[in-house]
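Below is one structure, written out as structure tokens; comments come after it.
The values are calculated or read from the model by the stated rules, or taken from the named source; none is laboratory data. What you see is a predicted model; the values in this text were computed from it and never measured. Because the Cβ atoms are built from the backbone with ideal geometry, glycine has one as well, and the counts that use them run over all protein chains shown.
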Amino acid sequence: MAKIILIEDSKTLAQIIKPALEMKGHEVLWINDGRRAVIEIKKYKPSIILLDLMLPHVNGFEICQAVKSDMALMKIPVIIMSTLTAPEDIERAKNAGADHFISKPYDLKQTLAEILKFIPKENK
């Protein structure tokens, strides 16, 4: 079982992805506000982070950069899940340290398969 943090301000999307991951046996903490994200990541110590870019107060680019610049967190895979799909947005996410990018809207089955690839073997 992996510990996953889902940082997503859309309740609708969270209500789709969170139960789908929980049905696969993973523990999912949903955060809907960018302000709390890094604090909760440090407390929760997830196996993987699913991160929207457009969040209230602190955007996903800033959160990703904060995670990847923190020695205690930098090895946690960060998967961006966003409607911002312009090449410059994807490049900016990569420059912030994102490990993978999934465009919204997404196919749930394919998205779950992509997420599960990033879960460390000891948590599968």
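Can you find, within the range 96-124, the residue that is surrounded by the most Cβ atoms within 10 Å (Cβ to Cβ) among those that are touching a Phe, Trp or Tyr at 6+ places or on another chain (Cβ under 7 Å) and of a type outside the set (D, E)? Of everything passing the filter in the range 96-124, A96 is surrounded by the most Cβ atoms within 10 Å (Cβ to Cβ). Only one of the numbered conditions (1) among the hydrophobic types (A, V, I, L, M, F, W, C); (2) surrounded by 18 or more Cβ atoms within 10 Å (Cβ to Cβ); (3) within 13 Å of the chain's Cα centre (by Cα); (4) at pLDDT below 95 is violated by L84, and that is (3). Working only within the range 29-49, note down all residues that are over 20 Å from A93 (Cβ atoms), under 11 Å from the mean Cα position of the chain (by Cα) and among the aliphatic types (A, V, I, L, M). Residue satisfying the conditions is L29 alone.
Checked against the criterion of being surrounded by 15 or more Cβ atoms within 10 Å (Cβ to Cβ) and touching a helix residue (DSSP H, G or I) at 6+ places or on another chain (Cβ under 8 Å), the candidates A93, A72 yield just one match: A93.
Here I48 clears all of (1) at pLDDT 95 or above; (2) loosely packed, with under 13 Cβ neighbours inside 10 Å; (3) not hydroxyl-bearing (S, T, Y) except the condition numbered (2). For the range 17-27, the tally of residues that are of a type in the set (A, V, I, L, M) and buried (at least 20 other Cβ atoms within 10 Å of the Cβ) stands at 2.
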